[in-house]
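Shown next, in structure tokens, is the structure this report addresses.
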Amino acid sequence: MAIAEPGFMLLDEHCHPIAFNPAAVQILAFPTKPDQIKQANIFLKDKIGSSLLNRQAKRDLDFVREYRSGGRLYTCRAFRLDCNGSVRQGLTVALLLERHTSGSDALSGLTRQFNLTGREVEIVSLLLAGLTSKEIACRMNISSNTVKAFLHLVMLKMGVSTRSGIIGKIVGPLP
């Protein structure tokens, strides 16, 4: 399953972009095509000021937590940069824009990747919701043993040996 590349920017103390990747321009310029942006530095500076800085913040460099670009939602994370205990002159913040993926997006990708059936996907989605085998059985109107059999098939297809292994394949590796 392809994950959209995150947008990344390095900003100075005045929120002027020092460096950025093409994905940052694409995310912030949507629906305009990035190649139509002639002066990306100026465009990004304006966009940061108008869309990414938190207007209700008490501090100068406080950024929004989420940013919507078209129909997509992005998590906006800001990292204050510190070089061996001191802030480097001219370089203050790294901004990361990561696309949210819904559980249904992740499950549809898993369906393709691991060839899961509709019932297997339904059981996995209930497992992700935190239900026990007994609760899944009640919800789906099947026996607990049938749920366990489905989970066993899912584990075989995913190459894991536990229920938490299934969740780990969906959520992905921890940082």
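Here are a few things to note about the model shown:
- Close contacts from region 13-29, counting a first residue that is free of Cβ contacts under 8 Å to residues at least 60 places away in the same chain and a second that is of a type in the set (Phe, Trp, Tyr) and surrounded by fewer than 18 Cβ atoms within 10 Å (Cβ to Cβ), with Cβ to Cβ under 6 Å and a gap of 6+ residues or different chains, come to 21/8.
Residue by residue, here is whether (1) without any contact (Cβ under 8 Å) to a residue 60 or more places away in the chain; (2) surrounded by fewer than 16 Cβ atoms within 10 Å (Cβ to Cβ); (3) not polar (S, T, N, Q) holds:
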{"residue": "132", "(1), (2), (3)": "yes, yes, no"}
{"residue": "137", "(1), (2), (3)": "yes, no, yes"}
{"residue": "143", "(1), (2), (3)": "yes, yes, no"}
{"residue": "147", "(1), (2), (3)": "yes, no, yes"}
{"residue": "153", "(1), (2), (3)": "yes, yes, yes"}
{"residue": "156", "(1), (2), (3)": "yes, yes, yes"}
{"residue": "161", "(1), (2), (3)": "yes, yes, no"}
{"residue": "165", "(1), (2), (3)": "yes, yes, yes"}
{"residue": "169", "(1), (2), (3)": "yes, no, yes"}
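None of the figures in this text is laboratory data; all of them are computed from the coordinates on show. Since we're looking at a predicted model, the values are computed, not measured. Methodologically, a virtual Cβ is constructed for each residue, glycine included, from the backbone with ideal geometry; neighbour enumeration extends over all protein chains shown.
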